[in-house]
1. Pairs under 9 Å by beta carbon, first residue without any contact (Cβ under 8 Å) to a residue 60 or more places away in the chain in region 21-38, partner loosely packed, with under 11 Cβ neighbours inside 10 Å, six or more apart or different chains?
2. Output the number of residues of region 48-73 satisfying the condition of being touching a helix residue (DSSP H, G or I) at 6+ places or on another chain (Cβ under 6 Å) and acidic (Asp, Glu).
3. So which of Gly7, Gly52, Gly12 is among the small types (Gly, Ala, Ser) and at pLDDT 75 or above?
4. Which one of Thr76, Thr45 is surrounded by 15 or more Cβ atoms within 10 Å (Cβ to Cβ), out of contact with any helix residue (DSSP H, G or I) (no Cβ under 6 Å at 6 or more places or on another chain) and polar (S, T, N, Q)?
5. Name the single residue that is farthest from the chain's Cα centre (by Cα) among those in region 30-82 being acidic (Asp, Glu) and assigned to a helix (DSSP H, G or I).
6. If I ask for residues that are under 23 Å from Ala69 (Cβ atoms) and free of Cβ contacts under 8 Å to residues at least 12 places away in the same chain, which ones from region 48-57 would you list?
Amino acid sequence: MSEQTNGITTVGVASTELFTVRPGIPITQAFDELSVLLGCIRHLTDEAEMQGDLQAGSAARILSGLAKALVNDMETGVNRLR
C-alpha cells in the first residue's frame, strides 16, 4: 500500500476552504510539489528582503500557508498508516 494524503487540511479563512489537499495523491508526488513550492517561497522571501518588495513578501506569506497545509496533510497520512 502506498502512502497517500488524506485531504483534510485546509488553509485560509476558517469558513472557506481556500486551499485543500486532494485525497489520494501519493506522498512522493506531494513531496515533489512541496519542494517546488518551497523553492518559490524562498525566492519570494529573498526578493522581499533584498528589494524591499512588499508584494513578494505577501505572496510568500500566503504560499507558506499552503506549504504548511501540505506538510500537515502528509504527516497525517503517514501517521495514519503506522
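The values are calculated or read from the model by the stated rules, or taken from the named source; none is laboratory data. Keep in mind that this is a model prediction, so the values were computed, not measured. Note that we place each Cβ from the backbone using ideal geometry, even for glycine, and neighbour counts take in every protein chain shown.
1. Pairs that qualify, where the first residue is without any contact (Cβ under 8 Å) to a residue 60 or more places away in the chain and the partner is loosely packed, with under 11 Cβ neighbours inside 10 Å, are Pro26/Ser2; Ile27/Ser2; Thr28/Ser2.
2. 1
3. Answer to the selection: Gly52.
4. Thr76
5. By that ranking, first place goes to Glu49.
6. The one that is under 23 Å from Ala69 (Cβ atoms) and free of Cβ contacts under 8 Å to residues at least 12 places away in the same chain: Gln55.
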